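To start, the structure itself, in structure tokens.
The values are calculated or read from the model by the stated rules, or taken from the named source; none is laboratory data. Quick caveat: nothing in here was measured; it's all calculated off a predicted structure. Note that we place each Cβ from the backbone using ideal geometry, even for glycine, and neighbour counts take in every protein chain shown. Accessible surface areas use protein heavy atoms only, side chains included; no ligands, DNA or RNA. Shrake-Rupley method; radii C 1.70, N 1.55, O 1.52, S 1.80 Å.
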Amino acid sequence: MADDALARLQSGAAEIAPEGGLAEKLALGRPLRVKLGLDPTAPTVTLGWAVVLRKLRQFQDAGHQAVLIVGDFTARVGDPSGRSSTRPTLSKEQVDAFAEHVLSQFWKVIDRDRVELRRNSEWLEPLGVEDVLRLTASTTVARMLERDDFASRYAAGKPISLMEFLYPLLQGYDSVAVAADVELGGTDQLFNLLVGRELQKDMRQDPQIALTMPLLEGLDGVQKMSQSLGNYVGIDEPPEEMFGKLMSIPDGCIARYELLGTDLGPEDNARVVTALADGLLHPNEEKRRMARAIVDLYHGPGSGDAAERRFDLVHKHHEIPGDVQDVRVPASVFRKQQDGTWSVHVPALIEAMGLAPSRSEARRLQTQGGVRMNGQQQSSEDLPIGGEPPGAISGSVWQVGRRRFARLAGIGD
């Protein structure tokens, strides 16, 4: 029984340090305090981020205590992990706004009722200069330069601020503050997790186990999934948007997305890897199964099938979906010409319909041929509509890209 529990918790991990340490912790026979730090610096929880969240949920389901730390203080310092340059610092207001939004997405993965939620400003803000200097005495510059990102930047002559050197120490001090038994993170966080072990030793605590999870590649199949790179799938995206994005990944990523992003399990994954390699599974069909499973996970059973049907309606049959949202737009998107006729300014219309975040983005999409009305590409910024607005385009269905639709229902606020 204990061996089964250990196998489940170790499943999928990239590294566990020290080796055998998790088994020793479980042998204590009590719920472990499993720490995960969150620096709220981005608005969306991606499938890549969800990999480590799903591991935390496994620990919860095994009866252990999840300790989720909102890094409201460290986010203002900036974690350089995996970066080639200094990350801009954020204001307290920015951090608080990101934290509120991100946590609402976390509860799609982990059980909110079984989380000890803390903010590291509780213990980091009261630290005085003497306390900080005492922390810095626990490591050396040479040790810090063992980090790949620091080492590469130093070798390239790129600046590394002393504040960035402090970040691993502050994250490590979080582990001391909550007496963590286990800390989770991506593979790019291993150095920071090990610093936490060292600080706990210095402060006579039983050091935590560092458990890292693999980093999920983005939609390009090359670089890690990242909001800044735009190669991500957000767990709160609409089902059809999520399904469509997942269908765009390279065939070589199918099995990895299934392993890290679904509940299909390692045995099923091994079967898929072999069958894809032997040509016994068609990549498109397996990609569809993967996409359905991920959509179901975040939007409920059956939502994957519905998203697939909508996907086929648009991409396979080239039809307009039947559930297009009706939208009213302000009169300001229309223009009266000198001859008394009217036109609609298409970028303003697209923005007002919620199909693009801005007019400049709408123009860019038009330039790329990504804007259609009733299935016909619209490249002109000003489209004649005949009589009084909305004129001839009343009831028209506008499409941006492959998956975004809206119907012009008339003029309103």
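Observations on the structure shown:
- Accessible surface calculations at 1.4 Å, restricted to protein heavy atoms, place the stretch 1-145 at 48 Å² per residue.
- Rounded, prolate or oblate (a/c below 1.5 giving rounded, otherwise prolate when a/b exceeds b/c) for the stretch 106-168 by Cα gyration tensor: oblate
- Percent accessible area from carbon and sulfur atoms, the chain, protein chains only, probe 1.4 Å: 50
- The chain, helix-only ellipticity at 222 nm - DSSP H runs n ≥ 4, -39,500 (n - 2.57), divided by all residues, nearest 500: -12500 deg cm²/dmol
- Other residues whose C-beta falls under 14 angstrom from the C-beta of Ile385 contribute a net charge of -2, scoring Lys and Arg +1 and Asp and Glu -1.
- Net charge, Ala307 excluded, C-beta distance under 11 Å - Lys, Arg +1, Asp, Glu -1: -1
- Largest GNM mean-square fluctuation among Gly395, Gly21, Gly196, using the chain with Cα springs under 10 Å: Gly395.
- Val129 accessible area, 1.4 Å probe, all protein chains in place, Å² to nearest 10: 110
- Extension gain, Ala155 back to Ala275 (0.36 nm per residue minus Cα-Cα distance, nm): 38.8 nm
- Pairwise Lys count, the stretch 210-365 - Cα closer than 23 Å, eight or more residues apart or different chains: 5
- Taking 0.36 nm per residue of separation and subtracting the Cα-Cα distance, full extension of the segment from Val222 to Arg134 would add 27.6 nm.
- Computed over the chain, relative contact order equals 14 percent, with contacts defined as Cα pairs under 8 Å that lie 6+ residues apart.
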